[in-house]
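Below is one structure, written out as structure tokens; comments come after it.
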Amino acid sequence: MSDEHNTQEPVMGTTRRGFLRQTAVAGASLVAGATAAQANSPDPLIVEQQDWAREFGDGVDAVPYGLPIRFESDVVRRNVEWLTADTTSSINFTPIHALDGTITPQGCAFERHHSGAIELSKADYRLMINGLVDTPLVFTYADLERFPRETRTYFLECAANTGMEWAGAQLNGAQFTHGMIHNMEYTGVMLSTLLKEAGVKPEGKWVLVEGADASSNGRSIPLEKIMDDCMIAFKANGEALRKEHGYPARLIVPGWEGNMWVKWVRRIEVGDQPWETREETSKYTDTLANGVSRKWTWVMDAKSVVTSPSPQAPITHGQGPLVITGLAWSGNGAITRVDVTTDGGKTWKEARLAAPGQKMALTRFYLDINWDGQEMLLQSRCHDETGYVQPTKDQLREVRGLNSIYHNNCIQTWWVKADGSAENVEVS
Ligand code: MTE
Ligand code: CO
């Protein structure tokens with residue numbers, strides 16, 4: 001598709017086949033951006049027989065478990081080198097700039113592990129519930145499969161997502177600024193079902209959740225949340241969890257920071273007060289401008305980002321019809337509305353939600369515009385069902401200062417230039 005074609009009238013006449021003429025008419029009238037068929041230079045991809053139509057393709061059993069076609073090999077997780085001290089205690093990022101819809105395939109979902117991903121078989125798996133319960137219990141994997149199941153879709157966002165952007169625009173790409181997030185359909189057992197089996201004593205108010213890996217990633221979670229909607233999940237997007245996401249079972253804590261979603265979950269202790277573990281004291285607290293740290297900031301507030309166009313997804317087709325798209329989510333419930341601006345926040349248009357917002361799950365939005373080829377300051381701003389509106393960077397800094405890493409949910413700006421390339425910038 002070239003700009004030259006866009007501006008030319010379709011040439012009729014010496015078509016080799018009748019359908020070319022129809023294509024030319026339909027192409028010119030339906031979509032301004034589509035290339036009009038050129039009868040004087042027939043497209044070999046249409047008029048000539050291609051290799052793939054001459055021979056048999058691969059058999060169905062060529063690849064027992066399918067992978068994306070090689071042309072999509074750039075849709076992969078990536079690291080930021082200076083953030084990745086070593087790969088066992090590390091982070092990588094979901095290529096959100098290249099995905100659409102809302103479900104994140106496990107194969108490109110970001111990972112974060114504090115002491116590496118462990119290989120734990122179903123046969124070796126045990127889940128213990130102890131502490132302030134009537135009957136301490138140990139479940140095998142097979143036991144978990146016999147409890148009534150639920151299937152629910154939720155986002156997981158690392159508390160540190162966008163954490164490098166507090167002091168200024170830094171990482172050039174939605175994958176790097178916002179890619180510590182994924183959204184999967186989980187199948188598993190409600191934790192309330194298992195805790196009722198053990199019988200929580202009246203003094204029980206908190207639980208400690210621990211993983212089987214060396215870091216154990218222990219976190220205290222209020223019993224109320226645990227009994228409300230937390231799950232022990234063993235399937236994601238219909239299939240077993242990948243090893244890196246906690247095979248064979250992980251904790252799901254809808255809407256709350258990713259660190260609490262303990263992978264390879266092995267023990268749940270009921271207690272009457274929080275444990276004050278490393279992950280909830282020296283880490284995952286937010287230091288304010290005056291040096292005081294906020295603690296127990298569990299919920300991920302409403303946030304959105306334009307995924308395309310963006311620095312890794314530039315506009316390559318010139319002016320005319322342009323699909324602006326992105327993601328919105330809220331740990332406090334459903335997204336109700338997303339606005340998009342192309343002029344750095346002076347004027348806003350309401351975007352179209354691909355489907356009504358679901359509680360604590362990613363929502364896809366689209367805004368279809370006719371791009372005039374001029375530069376844009378592109379932003380999205382979401383609203384959730386509590387009436388909360390995503391703040392600007394300046395608003396967030398006013399309250400939180402510059403010392404934070406975690407819980408940065410501010411409005412993101414992409415400076416889209418006339419050549420279609422885009423850059424991470426700030427506007428005030
Ligand atoms: N659970 C265990 N056992 N060990 C870990 O290192 N990392 C936590 C959390 N659960 C971690 C863990 C962090 S910080 C995040 S953001 C999420 O898992 C990441 O989940 P993912 O790797 O499936 O994306
Ligand atoms: Co994390």
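The values are calculated or read from the model by the stated rules, or taken from the named source; none is laboratory data. Fair warning: this is a prediction, and the values are worked out from it, not measured in the lab. Methodologically, a virtual Cβ is constructed for each residue, glycine included, from the backbone with ideal geometry; neighbour enumeration extends over all protein chains shown. Areas reflect the complete protein model, heavy atoms only, side chains present, ligands, DNA and RNA absent. Shrake-Rupley method; radii C 1.70, N 1.55, O 1.52, S 1.80 Å.
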Next on the checklist: ALA233 - would you say it is small (Gly, Ala, Ser), assigned to a loop (DSSP other than H, G, I, E, B) and touching a residue at least 40 places away in the same chain (Cβ under 8 Å)?
Outcome noted: no
Checklist entry - Yes or no: ALA85 open to solvent by 50 Å² or more (accessible area, probe 1.4 Å), within 16 Å of ligand 2 (Cβ to nearest atom), in a loop (DSSP other than H, G, I, E, B) and without any contact (Cβ under 8 Å) to a residue 40 or more places away in the chain? => result yes
Next on the checklist: Within region 227-247, does at least one residue satisfy the condition of being open to solvent by less than 30 Å² (accessible area, probe 1.4 Å), of a type in the set (D, E, K, R), closer than 22 Å to ASP143 by Cβ and within 10 Å of ligand 1 (Cβ to nearest atom)?
Outcome noted: no
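Can you name the residue in region 180-209 that is assigned to a strand (DSSP E or B) and within 16 Å of ligand 2 (Cβ to nearest atom) and is also surrounded by the fewest Cβ atoms within 10 Å (Cβ to Cβ) among such residues?
Kept after step one, since they are assigned to a strand (DSSP E or B), are these residues of region 180-209: 181-190, 200, 206-209.
With within 16 Å of ligand 2 (Cβ to nearest atom) added as a condition, the list becomes 181-184, 209.
Working: ILE181: 24, HIS182: 26, ASN183: 26, MET184: 26, VAL209: 27.
Ranking the candidates gives ILE181 first.
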Next on the checklist: I need every pair where a residue in region 203-218 that is more than 6 Å from ligand 1 (Cβ to nearest atom) has its Cβ under 7 Å from the Cβ of a residue that is modelled with pLDDT under 95, sequence separation at least 6 or different chains.
Outcome noted: ALA214/SER115; GLY218/THR277; GLY218/GLU279
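Examine region 253-274 for a residue that is closer than 30 Å to ASP372 by Cβ, touching a Phe, Trp or Tyr at 6+ places or on another chain (Cβ under 8 Å) and crowded, with 18+ Cβ neighbours inside 10 Å, and state whether such a residue exists. Before the answer, list the steps.
Of all residues in region 253-274, those closer than 30 Å to ASP372 by Cβ come to none.
Looking through region 253-274, none of the residues is closer than 30 Å to ASP372 by Cβ, touching a Phe, Trp or Tyr at 6+ places or on another chain (Cβ under 8 Å) and crowded, with 18+ Cβ neighbours inside 10 Å.
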Checklist entry - Filter region 119-166 for residues that are in a strand (DSSP E or B) and within 16 Å of ligand 2 (Cβ to nearest atom); which is nearest to ILE411 (Cα to Cα)? => result GLU157
Item to check | Lone unmet requirement of (1) among the hydroxyl-bearing types (Ser, Thr, Tyr); (2) more than 30 Å from GLU385 (Cα to Cα); (3) more than 16 Å from ligand 2 (Cβ to nearest atom) for THR307 | outcome: (2)
Checklist entry - ASN259 versus (1) over 23 Å from GLY204 (Cβ atoms); (2) out of contact with any Pro (no Cβ under 9 Å at 6 or more places or on another chain); (3) within 11 Å of ligand 1 (Cβ to nearest atom): which is the lone unmet condition? => result (1)
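Filter region 331-362 down to the residues that are of a type in the set (A, V, I, L, M), part of a strand (DSSP E or B) and in contact (Cβ under 8 Å) with a residue 40 or more places away in the chain, then identify the one that is nearest to GLN379 (Cα to Cα).
Step one: of region 331-362, the residues of a type in the set (A, V, I, L, M) are 334-335, 338, 340, 351, 353-355, 360-362.
Now narrow it down to the ones that are part of a strand (DSSP E or B): 335, 338, 340, 353.
Next, from what is left, pick out any that are in contact (Cβ under 8 Å) with a residue 40 or more places away in the chain: 335, 338, 340.
Details: ILE335: 17, VAL338: 10, VAL340: 6 Å.
Top of the filtered list is VAL340.
Just one of GLY320, GLY344 is more than 23 Å from the chain's Cα centre (by Cα), surrounded by fewer than 24 Cβ atoms within 10 Å (Cβ to Cβ) and under 25 Å from GLU426 (Cβ atoms); which is it? Walk me through it before giving the result.
Numbers: GLY320 fails: under 25 Å from GLU426 (Cβ atoms).
Within the list GLY320, GLY344, the selection yields GLY344.
Residues are listed down the side, and each one gets a yes or a no for (1) at pLDDT 95 or above; (2) within 16 Å of ligand 1 (Cβ to nearest atom):
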site: ASN92; (1), (2): no, yes
site: ILE96; (1), (2): yes, yes
site: GLY131; (1), (2): yes, no
site: ARG149; (1), (2): yes, no
site: PHE155; (1), (2): yes, yes
site: CYS158; (1), (2): yes, yes
Checklist entry - Identify, please: which residue in region 275-297 is touching a Phe, Trp or Tyr at 6+ places or on another chain (Cβ under 8 Å) and not in a loop (DSSP other than H, G, I, E, B) and is, among those, farthest from GLY246 (Cα to Cα)? => result ASP286
